[in-house]
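To keep things clear, I will list the structure first and then write my remarks on it.
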2 protein chains.
Amino acid sequence: MLWVLLLACPLALAGQSDGLRATGDLGVIIERATGSIQIIETTSRTSLARITGLGDLSHASVKYSRDERYAYIFGRDGGLTQVDMLRRKITNRIIQSGNSIGGAISQDGRLLAVANYDPGGVKVFDARTLELVADIPAKDDGGERSKVVGLVDAPRQRFVFSLFEAGEIWVADFSGGDTPEITRHRDVGRQPYDALITPDGRYYIAGLFGEDGMAMLDLRRPQDGVQRIMDGYGRGDEPLPVFKMPHLEGWAMAGDYAFMPAVGHHSVLVVDRRDWSEVKRIPVHGQPIFVMASPDQHAVWVNFAYPDNDTLQVIDVDTLEIKASLKPGPAVLHMEFTPRGEHIWVSVRDANEVHIYDSYSLEKLGQLPVESPSGIFLTARAHRIGL
Amino acid sequence: MLWVLLLACPLALAGQSDGLRATGDLGVIIERATGSIQIIETTSRTSLARITGLGDLSHASVKYSRDERYAYIFGRDGGLTQVDMLRRKITNRIIQSGNSIGGAISQDGRLLAVANYDPGGVKVFDARTLELVADIPAKDDGGERSKVVGLVDAPRQRFVFSLFEAGEIWVADFSGGDTPEITRHRDVGRQPYDALITPDGRYYIAGLFGEDGMAMLDLRRPQDGVQRIMDGYGRGDEPLPVFKMPHLEGWAMAGDYAFMPAVGHHSVLVVDRRDWSEVKRIPVHGQPIFVMASPDQHAVWVNFAYPDNDTLQVIDVDTLEIKASLKPGPAVLHMEFTPRGEHIWVSVRDANEVHIYDSYSLEKLGQLPVESPSGIFLTARAHRIGL
């Protein structure tokens, strides 16, 4: 009788002999075609659970609660789903807009912000209850709404984001409470399409689709306004057709350099972090999508847009040259390093596989069956600014 | 009956309504006088448990398993204790030497290394079982053992450490298996007393007590050997009596600079990260012990040796000047930022208190009663190289 009751105890759900499970080595992989996710762990490299019913995950991203227990999945259809990684189930889910593009979690972990295309703006929720805390319509001076892109968290309880049509960068400061103080930076350039924040949370940099350059805001000196950097880096110089916009959140800072995808070109740009000038343009296999530095900053890994998306390339940070090319399989959509960098996990969508490689030897250590995998997000992101 | 049995279920130990607990917001505070620790959490800022029986913790440090479940406490008496943060109890404990000074955990989380004074050397254990994997006596060319200091983990499954009497830096490479390949760097300078590794795991830098400078090894180019940096920075220039050696693991990298304690001087040295030259010498309240950058690198916090150890000073990274001084109370021994930098926890030993401050407003948010608190170690360290 005791035996039966103990088995029925919710402990058994947690999947270990004593029923307890830590959360530091967990992660979520998006199954983009089926509206589902897998919860994985990186110590033994296994899948722990599959959770369905998350809606349209065709451009989904994930943030984590500060205790690394809850995953927040931002779906393309405006869905915001709270998943309990320990009970391995959906604990809350709302449809907060018609079309959204990602989210962010505040420095203190209390607020979730979502970037919306339709209707254009940012909505901010209580991370625990998913109750609406603030609604920030992204209206230009004429009252027209813009799609919001490049939403990130920043130090001092701020969110920063860009308005695609209006060409503006906004800072929403929640340090004074639930009614944000909004600072607008106008005329930052045409069509900001994505943005990133440096790992120290200081520089917010938006890529411009409509112009040849990038817009940068120093969040420690917002009074200086937005500056143009990388002017004329080549976006307008006989660009190839752009099959897929690169992701600037994958910008890699390594050593003295930042590495960034050149929109519409088969190049990775190397930029000096001190003055944001171009140091080198590295020819690569295709149009880069994600450009990611290893945690030890010895290498930068790059994946590519269709039709070159069967390949990964590895750039040596010391020589600024490509030191290896891999062909994991059809449609390599995303990659994620383990927090201290010994392994890299790679989504190979059309093989329905996630591969795991040794970051140094490039040896393949294993693979997991995953249905149309796209984004891979490990819980260590909970502890990082802007991730 | 069901009610009673469910209460008896080990779930109840985990202290939440459903019995499950994540580990991303946990930490350990050393109670140095009583051989005990407290397990705390930084979300609601509470103590969850007190665990006794850890031996001499007068110079203790903590590392975490990669899943953030197990804390490894390295005691002064050679004790190595494995604590399960979820079951909140000691799960393994060995006395592995007569006198030890700290440890490190390998990049893959499988190996624990301990730096020993007596007998001088490094012992390496299986992190799960605490079984001995490798024993590395720190013998100089004449066969004499040295005290080992400045032990850190480095990328590619390496440990790096310094030999105090021999004046050497050794690299133990476990990438090929449990028998390490040892590389010795001789004649690095007199009496290395502590060391640090930069957050990218590239530069290992040992402070020299017997000479006026520091010894640096580029772990990406070990063939270049150890270089002398910061030669003549002032250690020998009318030094004050040194009451307590500073901790180099607290070296702060912020923006373009590294900030380091000047041994025996009332100064913090600001060093250019590109060429390791001195940029400025900031006069401070006393002899600095820990010099720590906030995660957003906007500020560097400094505590001090006796008799100035009632004070904390905050350096502004942009102006390189002191922007605030706090008097938390008698014997401020250690401080630790929350991973994304919104708060800082401070040990005030002789008040038997740990204080929690807002990192920006410097407002005191709360305090916890802790018996002679010293080191504070949050689980987010599990995800960082060299921490």
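Only the coordinates and a few stated rules stand behind these numbers; no lab work does. Just so we're clear, the structure is a prediction, and the values are computed from it rather than from any experiment. Positions of Cβ are backbone-derived with ideal geometry, glycine not excepted, and every protein chain shown enters the neighbour counts.
The Rg/Rh ratio for the range A:240-327 is 0.94, where Rg is the radius of gyration of the alpha carbons and Rh is the Kirkwood radius. Summary for residue B:56: label point 7 Å along Cα→Cβ; distances to the equivalent points in the other copies, ascending, 6.7 nm. Bridging of residue A:323 to lysines at a Cα separation below 21 Å is possible for A:280, A:364, once same-chain residues fewer than 8 apart are set aside. Could you point to the residue in B:299, B:255, B:289 farthest towards the positive end of the range B:240-327's charge dipole, with +1 and -1 charges on the Cβ of Lys/Arg and Asp/Glu respectively? In the range B:240-327, that residue is B:289. If you run the Gaussian network model on chain A, springs between alpha carbon atoms under 10 Å, then out of A:41, A:181, A:165 the most flexible one is A:181. Each label was represented as a point 7 Å from its Cα along the Cα-to-Cβ direction; for residue B:52 and residue A:141 these points are 7.1 nm apart. Counting every C-alpha pair in the protein assembly as shown, the share spaced more than 42 angstrom apart comes to 27%. The mean number of Cβ atoms from other chains found within 10 Å of a Cβ in peptide A:21-33 is 5, as a whole number. Counting Lys and Arg as +1 and Asp and Glu as -1 over every other residue whose Cβ lies under 13 Å from the Cβ of residue B:167, the net charge comes to -2.
Bridgeable lysines around residue A:147 (alpha carbons under 28 Å apart, same-chain partners fewer than 8 residues away excluded): A:63, A:123, A:139, A:244. Note on the range B:20-144: dipole from Cβ charges, positive end direction compared against B:26, B:122, B:102; the farthest Cα belongs to B:26. The alpha carbon gyration tensor of the range A:343-387 gives principal lengths a ≥ b ≥ c with a/c of 1.5 or higher and a/b no greater than b/c, which makes the shape oblate.
Under the shape rule built on the C-alpha gyration tensor, where the axes satisfy a ≥ b ≥ c, chain A is oblate, since a/c reaches at least 1.5 while a/b does not exceed b/c. For the range A:96-229, averaging the sequence separation of C-alpha pairs within contact (under 8 Å, six or more residues apart) and dividing by the residue count gives a relative contact order of 15 percent. Here the range B:261-314 and the range A:316-371 have alpha carbon centers that stand 40 Å from each other.
Count, for each residue of A:78-88, the Cβ atoms from other chains sitting within 10 Å of its Cβ, then give me the mean as a whole number.
Working: counts 0, 0, 0, 0, 0, 0, 3, 2, 7, 2, 0.
Average per residue, whole number: 1.
How many nanometers, to one decimal and shortest first, lie between the label point of residue B:278 and those of its other copies, if labels sit 7 Å from Cα toward Cβ? With the label placed 7 Å along Cα→Cβ, residue B:278 yields 4.1 nm. Modelled label positions at residue B:131 and residue A:90, each set 7 Å beyond Cα in the direction of Cβ, lie 4.6 nm from each other.
What does the charge count around residue A:147 come to, taking other residues whose C-beta lies under 9 Å from its C-beta (Lys +1, Arg +1, Asp -1, Glu -1)? Before the final figure, lay out the partial values.
Working: positive: A:145; negative: A:118, A:165.
Once positives and negatives cancel, what remains is -1.
With charges set only on the Cβ (+1 for Lys and Arg, -1 for Asp and Glu), what does the dipole of the range A:73-228 come to about its Cα centre, in debye to the nearest 20? The calculation lands at about 540 debye.
Rounded, prolate or oblate for the range A:96-229? Axes are the square roots of the Cα gyration tensor eigenvalues, ordered a ≥ b ≥ c, and the cut-off for rounded is a/c under 1.5.
Numbers: a/c = 1.76, a/b = 1.25, b/c = 1.41.
Taking the square roots of the gyration eigenvalues as a ≥ b ≥ c, the range A:96-229 is oblate.
Plainly put, the tip 7 Å out from Cα toward Cβ on residue B:186 is 7.2 nm from that tip on each other copy, the closest given first. Taking a point 7 Å from the Cα of residue A:118 along the Cα-to-Cβ direction, the residues of the range A:70-95 with backbone N closer than 17 Å to it are A:75-80, A:95.
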